[in-house]
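In what follows, a single structure is set out as structure tokens and then discussed.
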Amino acid sequence: MNNYEKIGDTVLIELPEEVDDYRASILVNETEEVFQDGRIRYVIFDFRHTSVMDSSGIGLITRRFRNVYDRGGKVFVIHANDRMQRLLKMSGIFKIAEQTEDFETAYKQVHMS
């Protein structure tokens, strides 16, 4: 099952309904190879389907942030419902990730500036 898409220097990761230890591990393993590509600078996490996330999901986001930070990259969050927004805010994720409306907005922000 492919939960991500590589678009040039950007990776879009579509998160499942529940992001727990098991599913976060799968996502880390699935995306590990793509992040070995030194050209990847941007990560967009799509929360469209996500209703539950534990600390493993936070760990996934921070891990991918560390992958792109030294390359001058950014992390974005899209389609987060109110519950996920509160969780991400409380966990400090919005200190390292920017929330945008959708993929197109995030992509344009870093490629059209």
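The values are calculated or read from the model by the stated rules, or taken from the named source; none is laboratory data. These numbers were taken from a predicted model, which means no experiment stands behind them. We place every Cβ from the backbone using ideal geometry, glycine too, and count neighbours over all the protein chains shown. Remember, those area values only see protein heavy atoms, side chains included, never the ligands or the DNA or RNA. Shrake-Rupley method; radii C 1.70, N 1.55, O 1.52, S 1.80 Å.
Among the residues of the stretch 8-42, write down those that are touching a Leu at 6+ places or on another chain (Cβ under 8 Å) and closer than 17 Å to PHE103 by Cβ.
ILE13, LEU15, listed by residue number.
Within the stretch 1-36, track down each residue that is of a type in the set (S, T, N, Q) and within 13 Å of the chain's Cα centre (by Cα).
ASN3, THR10, THR31
For the stretch 28-111, please list each of the helices (runs of 4 or more DSSP H) lying entirely inside it that holds at least 1 residues being of a type in the set (Val, Ile, Thr) and within 18 Å of GLU14 (Cβ to Cβ).
On the way: elements: 55-69, 82-91, 103-111.
So the answer is 55-69, 103-111.
Are any residues in the stretch 88-113 in contact with a helix residue (DSSP H, G or I) (Cβ under 6 Å, 6 or more places away or on another chain) and either in contact (Cβ under 8 Å) with a residue 40 or more places away in the chain or not hydrophobic (A, V, I, L, M, F, W, C) (or both), and if so, which ones?
Matches in the stretch 88-113: SER91, THR100.
Can you find, within the stretch 89-113, the residue that is nearest to the chain's Cα centre (by Cα) among those that are open to solvent by less than 70 Å² (accessible area, probe 1.4 Å) and among the aliphatic types (A, V, I, L, M)?
Per the stated criteria, the residue is ALA97.
If you take the residues in the stretch 1-50 that are among the small types (Gly, Ala, Ser) and surrounded by fewer than 19 Cβ atoms within 10 Å (Cβ to Cβ), which one is farthest from GLY73 (Cα to Cα)? Steps first, please.
If we filter the stretch 1-50 for residues that are among the small types (Gly, Ala, Ser), which is where we start, we get 8, 24-25, 38.
Checking which are surrounded by fewer than 19 Cβ atoms within 10 Å (Cβ to Cβ) leaves us with 8, 25, 38.
Values: GLY8: 13, SER25: 23, GLY38: 11 Å.
Residue satisfying both the conditions and the ranking: SER25.
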